[in-house]
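The block underneath contains the structure these notes are about, expressed in structure tokens.
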């Protein structure tokens, strides 16, 4: 309750009470005057009036003390309710922000601070675009205030330095007891992990269908390839040096096609895991040594931030996946750069990050990098990342890429411990 309103009510009550007491005293005085009759006329006695006013003053002081006590009690109750509401708001797992009639932030709970990476102190008094940019959230807040219509179960994506942040949000109108508009309340939650899992499931379904088709194509191609290779071997016996050189070139191309067919079959074949204890830090260090030994390109610097993370997995398959990612990182830095390797274990999961300072991947192609035969390299058939994705998924893990043109690339692999 507003403190000023309480003060006015208490003061009014005190005045009314004083008037009532004075009127009662006057009535009593008149009655006694009637009873005294002529004696009162002969000997005016003002002591009764003085006593009456003193009695009124005493009663007013007692009532004033009582009103002050009730006022303090009401203020204490109001503070208790306000503190309770604040504690409840801070314990809510969803982000909650309230906006006033001008669209300025009034309150923000702890969850909103953590989700947005914003300070509550700095956010108070700022506008919705300062927190959410030009997004659907600000449009929904304004629409709710203008049309008195709440929004429910809406989604939007925000671009952040750490990648894309998906939010699910609702808005509702804030009103006073008379139904007058006071502002808008916004509630939102983080859907990023759910969206990533959904994308992983959809990608897995597409790759499964593509793998089944690839297996059929590979088998159909391998048989005629074997026949062609056999005839070439026969023809090479009756050719001169120039003819044998030409046949050799053809056989090299056939070998390349056989390797591609082998990758297709590997991609299509269900992964049979030979699980054992794997130290992720040691595995990554071994892959780095292999990549650096191969050489090529500019100077590559390695920055390791690895903890002791041991999981139950297929070491051979994980080595293939991590070496492929590290090799891609090196290829993305033809003039040299830094590869950062991180591994850590938290609870029942282990996380590996492989980052580079290379040319990055454009946003328009980043959604297709795990598809077979998609590549941005001049040489290569685009099966490497498709196999990496399959290996990670077969271990029950997830792989997420964060990149942009000119700002490097980071692959984050999450794997179950056992």
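The values are calculated or read from the model by the stated rules, or taken from the named source; none is laboratory data. Computed from a prediction, not measured in an experiment: that's the story for all the values here. No Cβ is skipped: glycine too gets one built from the backbone with ideal geometry, and neighbour counts run over all protein chains shown.
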Notebook entry, point to check: Across region 136-166, which residue is surrounded by the fewest Cβ atoms within 10 Å (Cβ to Cβ) among those that are within 26 Å of residue 408 (Cβ to Cβ) and free of Cβ contacts under 8 Å to residues at least 60 places away in the same chain?
Noted result: 161
Check: Quick one: how many residues across region 306-331 are modelled with pLDDT of 85 or more and either in a loop (DSSP other than H, G, I, E, B) or outside the structural domain of residue 285 (by TED's automatic domain parsing) (or both)?
Finding: 1
Check: When you look at residue 276, is it at pLDDT 85 or above and either surrounded by fewer than 13 Cβ atoms within 10 Å (Cβ to Cβ) or outside the structural domain of residue 372 (by TED's automatic domain parsing) (or both), yes or no?
Finding: yes
Check: Scanning region 377-406 for residues that are under 27 Å from residue 165 (Cβ atoms) and surrounded by fewer than 14 Cβ atoms within 10 Å (Cβ to Cβ), which turns out farthest from the chain's Cα centre (by Cα)?
Finding: 406
Check: Does any residue in region 323-352 that is on the phi > 0 side of the Ramachandran plot come within less than 8 Å, Cβ to Cβ, of a residue that is part of a strand (DSSP E or B) and surrounded by fewer than 16 Cβ atoms within 10 Å (Cβ to Cβ) six or more places away or on a different chain, and which pairs are these?
Finding: 336/301; 337/301
Note to self: Quick check on region 353-362. Is at least one of its residues under 18 Å from residue 329 (Cβ atoms), modelled with pLDDT of 80 or more, in the same structural domain as residue 311 (by TED's automatic domain parsing) and assigned to a helix (DSSP H, G or I)?
What the structure shows: no
Checklist line | Wholly enclosed helices (runs of 4 or more DSSP H) of region 91-202 bearing at least 2 residues at negative phi and more than 13 Å from the chain's Cα centre (by Cα) | finding: 120-123, 128-132, 136-147
Notebook entry, point to check: Looking at region 374-384, is at least one residue in the same structural domain as residue 299 (by TED's automatic domain parsing) and closer than 19 Å to residue 284 by Cβ?
Noted result: yes
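For region 337-346, does any single residue satisfy the condition of being assigned by TED's automatic domain parsing to the domain that holds residue 393 and at pLDDT below 85? I'd like the intermediate steps shown before the answer.
Of all residues in region 337-346, those assigned by TED's automatic domain parsing to the domain that holds residue 393 come to 337-346.
Next, only the ones that are at pLDDT below 85 stay: 346.
Yes, region 337-346 contains a residue that is assigned by TED's automatic domain parsing to the domain that holds residue 393 and at pLDDT below 85.
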Notebook entry, point to check: Is it true that residue 334 is in a loop (DSSP other than H, G, I, E, B) and either touching a strand residue (DSSP E or B) at 6+ places or on another chain (Cβ under 9 Å) or closer than 16 Å to residue 411 by Cβ (or both)?
Noted result: no
Check: In region 370-386, how many residues are modelled with pLDDT under 85 and closer than 29 Å to residue 309 by Cα?
Finding: 4
